[in-house]
Structure formats: structure tokens, C-alpha cells
Amino acid sequence: MKSIEHIIKVIIKFRIAIISILIVLMALSVFQTVKKLSVDNSLSIWFLEDDPSYKAYIDFQEELGSDEIFVAMFPVENAFDEVQISQLDKLHSTIDRLPYVKTSFSLAKAQYPIYANNKINFYDLYNPKRSEKGLKNLFSKLPSITSQLVSEDYKNLFFYIQLNPTPTIEAKRKTIAGEIISVIEQYFPSHHLTGPPVLNEAYSKGIYKESLVFGVLTVLVIAVMLLFLLPSKRYLIISLLSVAVPVSLLFGIITSLGYSLNMISMLIPTILMVYSVSDAVHIINIYHKEGVINKTLSKVQLLALAIRKSITPCFYTTLTTFVGYFALYLSPLPAFKNMGIFTCVGLLLSFILVYVITIIGFSFMTFNFEVTKPLLSFKNFSQSHFIVWLNRFTSQYKTSIIAVFTLVLLFGMYSVFQVKIDTNSLDLLAAGKAKEDLRTIENQLNGSSRMQLNISTTNGDKILNAEAMKQLESFQNRIEQNPLINSPVSVVNIKSFLEKRTPILFQSNVSTRQVENILSSINNKDNSFFKLFSDDFTSAGITISFKEIKTSQLEQLIEDIQQDFNSTFNTEDYKLKINGFAVVFAQLNNFILQTQFKSFFAAFFVAFLCLWVFIRSIKTTILVLIPNLLPLAILAIFMSLLDIPLDVTTAMITPIMLGIAMDDTIHLVYKYRRGKNDNRSAETRMDSALRYTGSALLSTTFALVAGFLIIASSATPSVRDFGLLCAVTVAIALITDIFYLPALLKKFDR
């Protein structure tokens, strides 16, 4: 006690210097944050650079072309209007000069083959000298290609812009998107635009906007709630400073180190602010209660008493929450690793600064504890009356409470295995123009994403032979039957077109040498948007397009394609490689599952050890741990019944909620265990503990629920689900702490 008093006296003595230092640090942090805060939603934050799938994706882009593609749709009166095609030509000319553009493609650039004089020549697919009927007839013979150039009703033109490989454009994506939109608007003011670069930029804008909104809303909501929950309005400034200082300093650290916000880390400010205010409320409530009880103590003695009674439970709540977030470091996803590390740094800052700030704040305050009251209050609700009823209820019906809650726990454990693991890319995008454009284009085009299928020989020989082409055609016919795949494009489409116009070309008596010459000349550089062959002709490519779909559908699609290949080709002679971002994205389910298992079990194990050290009784530790599993079990029930999957956002929910759910438990059990030397019954000690900590438990839970409900107001469906589930879980954690935990301890802790 004396050492605590000494530390308090030192802090009070140098309080002006400490305040000055904190002001300077906050000013520097705010400056750094305003100057350098950015949003990064690039691939590198989701996949480690040495991840095999990520490296394969980058290698594919270097060799066969990037799938960083803008897809533009231009509404027109008539797609065959020469004026519109002329505008497309001008747009091509401007776009192709941009240094980060690899190629562009549209009806103005597309060509088709004609065999004449023993060679294949390519001619423009659109020819203004042809009649509209003639053009439509020609288009009908190349449906897979032309369906990606004009809409079915000929009222929309499509335009594609293929950028250089991902690593070369990621840092400049925002600038690139702005420049391309500006160029397009010069020629086609009325347009719709989508594609990975557009969606990625939309994710980033949404993250930045919502981070600011969440921060402001959290401060406002916390301030209003504290006016109801704090014993006096004069404590409000201390609580708000306990929130503002650590968050400001953390963001100064993040931006100074060159890190950016992403869809995961955008949640840090709200979570940290709510956590900080929870600790402040506990300290303030203890300080105020002791002030009412101990009227003769000096201010330093009262502060020392409040710190002594709060620091142990606050330390353990910080530790368990720290463990919950640090467990995210075990995730294979870099975004989760960064989220875990920076939140842990923020928690440490909050734990230290909340005591420094409250000590300095209390040192300036003098008032009569007995006459103070909250500025705002509910007339028909009394916390003290509710707690008296609660104690009576858990004593009278403890057996029934245990039975009901245990049954729910068992059902929740069953529901864990019913929760789906799935990420819907559309749920990562907030409502707005980008999402509307995506839906509009996909409604006409039936696909804005694409994958490249590469078939090659196992021995490295050229694939330009009649047998391979026959199997390739059979394979393409199979995958065309897949309802998720739209308009596969390969040499098969060109070969089929040539066969109909010049049947003699691919007859059985044509030599292999002639077939090779014909096929190799099809690989026209002007149609490089569709990669038909590798440069050395050892592999043939099929480009498929599809709509934005869930990762589970992507997994199934890739599996179906592989099965179709195995059923068509002799796998001893030929091999299939599926390329594109979709292949990498499809692996998110596996990464999410790894995050759940590794992070949860690590958090659970360390949390159990923390409780054991804190309580020092295996039996009581188990009794205390059971109610902390119930909120997670009910979370599983909610996700199962409401069909909310574990996705890229909700994947981190269980380790985080395990840590937060234990906070109230620790505060309650700390006071409960303090009374063990009084030889009182478990029932009496629990009733006393709940009377002492009950108001703080209610206050911190309300603050946490409010904070997560702010996140639940997100325009991004996935983030909204995360906020809602967290709010429900925190509320359930309070219910289990004030009903299930007391009933268990009163019944079994002898």
C-alpha cells in the first residue's frame, strides 16, 4: 500500500509535466495520423509473400497476363453505330498509351480469322461496310467472344482494360483508377465500371469513410452513456481522456511505422475505445464506492485503495483480452496478424494510461461522494434493486438456472459444427455506385471475374496436335455445362469457326505439321486479351468468366473443373493449372478455418492458465470457465440459425470474444474470492460481490454493446454481421455472469 501511495505522490507531483508530455505526444500522433493515414486492401495484406498460391498467382500474371482488369459498359442506342465504334477507337488510343496498361479490348479491336492462300489472316470483327444483319450473322458464329463485346440486345458495348501485373500497380491503384475513370468520361460520359481494381478501390474508400464515422459515433455514444452510468458527471472528462489518449498514440505509432488501415484493422479504434472506457468505469466506480465508505482517508490514501482493489482484476482482464487478440497472430493471414499485434499494443497503452489519467484527474477533483449522482438516470430502473432481485433469484432457482443454461451450452456445442465457412465478396463491399455498377454489368455480361485454365503436356512437348485439340474441345464442352461459367474462350472457338467456313482444314487426312502451322498462326498478337497459347506453344489456355461468387462456390467450381479435366484428358500425358486471383481467393476458407482453430485454442489454453493462476483452485477455475464458453456457444447458435458464415471479417470473432467475455467474470470472481477468508458461505460471498461490482459490470457491458452496435451500423454486410454478433455475444456474456456463474458457484463451490 505504501509503495502505491509513493507512486501516486510522484505522479501528482509531476502531473503538469506528464500532462504536457501527453499533449505533445497526442499532437504529434494526430499530425502523423492526418498526414499519413491510408487504406491498404492489397493482396499483400491477405497473403504472405512466400505463400505458394500467392507466388503462383504473381508468376501467372507475369507469364500470361494480369487479371487486374477494368470492365466498362457503355449504354448506347445501337452497338453497331459507326460513331460509337469510332469513340471506342479513340478510347483505345488514349488508354493504350498509359504506362501501367498492358492492353485493352473491345469490339473496335476484336478480329476474326479467315483462311486463304494457305495461311490465316485476321480481319476486324466490326466492319462499317457490312449490314447490321451481316454483322449479327457473323457474331452468331463466335458467340463466346462476341457476347463479351456487346450485350444480347445490342444496347451496350463492353470495354476491357488489362493492367500490368499486381505488384507493379498495387501502390498506385488509387491514382490509376482515378486516371482511367477520367479518360473514360472524356469519351463515354454515361458508363458503368467494375473489375478488381474498381472493387478494391471501393473497399478502400468504404473502409476509410467508416473508420472516421465509427470513431466519431463511438465517442458520442460513450459520452452519452457515461452520463447515465458514472456516479457523477465530473468523472466524464477522465473517462473520455482515458479513451482518447491511448487511441491517438496507437494510431501515431501505426502511421509512423508505415502501416495502413484495412478491412480488419479499421475496427481497432472502436474496440480500443470501448475497452479503455470499461477499465476507466471500473476504477471510477471502485474509487467512488470507497470514497463513500471511507470518509476519513486522504485523497492519496483513497486513490491507493482504489488502485489496489482494481489493479489485479484489471490486469487479468487486460491479460485475457490481450491473449484473445494476440492469438490472431497465429493466423496465416497477415491482416489478422497486424490486427492482433496493434490491438495488443493499444491494450497495453490503455492499461497503463488509464491509471495515470485517473490519478491525475482525481488529484484535481474534490467533492462530497454521498451527494453526487449521475447527470442522467432512468426513473423506473434502479441498479441496486435489480441486483437485490438477482441475488435472490440465483439463490432460489440455482438448480433450474444451471439446467437450462447447460442445455443451451450443449446445443451450442452441436451448433458449432453447423456454422458454415464462407466469404461472399459482395458482402465485403458497401452499398454504393461500385456495387450498383457491378450488378448492372453482371446482369448484362453474366460475369466480371475470370480465370485462366492452362493445359500442357507432362513431358514439355508442344500441344499443337489433333489429338490434344480434340480432347481440349471435349473439355471445353464439359465446362460450358457448368452454370457458374460463362463464355469460355480458347483456340477451340477459333478452330470451330474455321472448320465451319473451311471444313478441309482439320480433316483426318491433314498432316500434324499442317495442323501445327494452322493453330500457331491463330495465336494472334492483336487478340492478346485472350491468351490462347503460351509463347512456346507447350500449353493451351481457356479463359472463363463468371460472376462474383462465394468462396465455397469458387472451391466447388475449381473442383468441378479439375474433375472435368480428369474425365477428359489422360492425366499421365497432360496436366491442368488453374490460374487467377479467384484461385487464391478460394483458399480463404482454409485460412479462416486455421485462424479459428489456432487462435481459439491458443486463447482458450492461455485464458485457462490465467484464471487458474488468478483463482488458485482447479475446481473453481472450471466452474468459472464454463459460463465463459456459453456466450461462444450461443454465438454459434445465432450464426447457425441466421445462416451467418464465418468469413474474412467474422473469422477473428471467437478468440476476441473469449477474451472480452472473461472481463466481467474476473471482476466478479475477484471480489468473490476476496471474501473466502471470512468463513462466509459461497452464496453470501457471491451476493456481496455482485452488490459491489454489479453496477460496473452493467456499465461496461452497455459500453461494449454500444460500441459493437456502432460497428453493426456499417454499410458493409460482413462488417455489420461482425458488429452485431459481437454485441449479442457481449450481452450474453453479462447474462451468464450474473445468472449462470452465481448459480454454479452457489451450488458447487464449497
Query raised in the report: Taking the Cβ-Cβ separation of Leu28 and Leu236 as r and a Förster radius of 30 Å, what is the calculated FRET efficiency to the nearest 0.05?
Result: 0.70
Report task. Residues in the stretch 533-554, backbone N under 18 Å from the label point at Arg501 (7 Å along the Cα-to-beta-carbon vector): list them, ranges by number please. Result -> none
Query raised in the report: Taking N as the number of residues in the stretch 372-489, what value does Rg over Cα atoms divided by 2.2 N^0.38 Å take?
Result: 2.30
Requested in this report: Fewest Cβ neighbours within 10 Å first, please rank Tyr208, Tyr316, Tyr54 accordingly.
Outcome: Tyr208, Tyr54, Tyr316
Requested in this report: For an R0 of 56 angstrom, estimate the FRET efficiency from the Cβ-Cβ distance between Leu37 and Ile293 and round to the nearest 0.05.
Outcome: 0.75
Query raised in the report: Expressed in nm to one decimal, what extension gain is obtained for the pair Asn590 and Ser395 from 0.36 nm per residue of sequence separation less their Cα-Cα distance?
Result: 65.6 nm
Requested in this report: List the relative contact order of the stretch 66-200 as a percent without decimals, with contacts defined as Cα pairs under 8 Å and 6+ residues apart.
Outcome: 46 percent
Query raised in the report: Among Tyr126, Pro113, Ser144, whose Cα lies farthest out toward the positive end of the dipole of the stretch 66-200, if unit charges sit on the beta carbon of Lys, Arg (+1) and Asp, Glu (-1)?
Result: Pro113
Requested in this report: Evaluate the charge dipole of the chain about its Cα centre and quote only its size in Debye, nearest 20, assuming +1 on the Cβ of each Lys and Arg and -1 on the Cβ of each Asp and Glu.
Outcome: 3600 debye
Query - Test item: Cα-centred dipole of the stretch 66-200, Lys/Arg +1 and Asp/Glu -1 on Cβ, debye - result: 360 debye
**Report entry** From the C-alpha gyration tensor of the stretch 10-100, square roots of 5λ in Å
**Finding:** 53, 24, 11
Query - Distribution of pairwise C-alpha distances over the stretch 609-659, 10 Å bins, in % - result: 23, 41, 23, 13, 0
Query raised in the report: Kirkwood-based Rg over Rh for the stretch 620-750 (C-alpha set), two decimals?
Result: 1.04
**Report entry** Approximate spin-label separation Asp153-Asp536, in nm, with each point projected 7 Å along Cα-to-Cβ
**Finding:** 5.0 nm
Query raised in the report: Hey, which lysines would be in cross-link range of Lys299, C-alpha to C-alpha under 16 Å, not counting anything within fewer than 8 residues on its own chain?
Result: Lys2, Lys9, Lys13, Lys289, Lys309
Query - 18 Å Cα-Cα reach of Lys470 towards aspartates and glutamates, excluding residues that sit fewer than 8 places from it in its own chain - result: Asp461, Glu480, Glu499, Glu516, Asp564, Glu572, Asp573
Query raised in the report: How many nm is it between the label spots at Leu212 and Ser53, if each spot is 7 Å from the Cα in line with the beta carbon?
Result: 3.5 nm
Query - Percent breakdown of C-alpha pair distances by 5 Å bin, ordered from the shortest bin, for the stretch 58-120 - result: 3, 13, 18, 18, 16, 15, 11, 6, 0
Query raised in the report: Which of Pro631, Phe739, Tyr275 sits farthest toward the positive end of the charge dipole of the chain, with +1 on the Cβ of Lys and Arg and -1 on the Cβ of Asp and Glu?
Result: Phe739
Query raised in the report: Where does helix 173-187 land angle-wise versus the long Cα axis of the chain, in degrees 0 to 90, nearest 10?
Result: 50 degrees
Requested in this report: Name the lysines eligible as straight-distance cross-link partners of Lys172: C-alpha to C-alpha under 25 Å, and not fewer than 8 places from it in the same chain.
Outcome: Lys35, Lys36, Lys55, Lys90, Lys102, Lys205, Lys209, Lys337, Lys433, Lys435
Requested in this report: Would you kindly state how much longer the chain becomes between Trp612 and Gln383 on full extension, computed as 0.36 nm times their sequence separation minus their alpha carbon distance, in nm to one decimal?
Outcome: 79.4 nm
Requested in this report: For the stretch 209-304, count the residues as N, evaluate 2.2 N^0.38 Å, and divide the Cα radius of gyration by that value, please.
Outcome: 1.31
Query raised in the report: Once both labels are modelled 7 Å past Cα along the beta-carbon direction, what's the Lys577-Ala17 spacing in nm?
Result: 6.5 nm
Query raised in the report: Which FRET efficiency value, to the nearest 0.05, do you get for Arg439 and Leu98 by plugging their Cβ-Cβ distance into 1/(1 + (r/R0)^6) with R0 = 41 Å?
Result: 0.90
Query raised in the report: Over the chain, what lengths in whole Å, largest first, do the semi-axes of the equivalent ellipsoid take, defined as the square roots of 5 times the eigenvalues of the alpha-carbon gyration tensor?
Result: 64, 28, 21
**Report entry** Normalised alpha carbon radius of gyration of the stretch 66-200 [divisor 2.2 N^0.38 Å]
**Finding:** 1.11
Query raised in the report: What residue among Ala56, Leu28, Asn41 has its Cα farthest toward the positive end of the dipole of the stretch 1-144, where the charges are +1 on Lys, Arg and -1 on Asp, Glu, each on the Cβ?
Result: Leu28
Requested in this report: Can you tell me the 0 to 90 degree angle between the C-alpha axis of helix 466-480 and the longest principal axis of the chain, rounded to 10?
Outcome: 50 degrees
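Here, each number is a calculation from the coordinates, and none is a lab measurement. The structure presented is a predicted model; accordingly, all values stated were derived computationally and were not measured. A quick note on method: Cβ atoms are made from the backbone with ideal geometry, for glycine too, and the neighbour counts reach across all protein chains shown.
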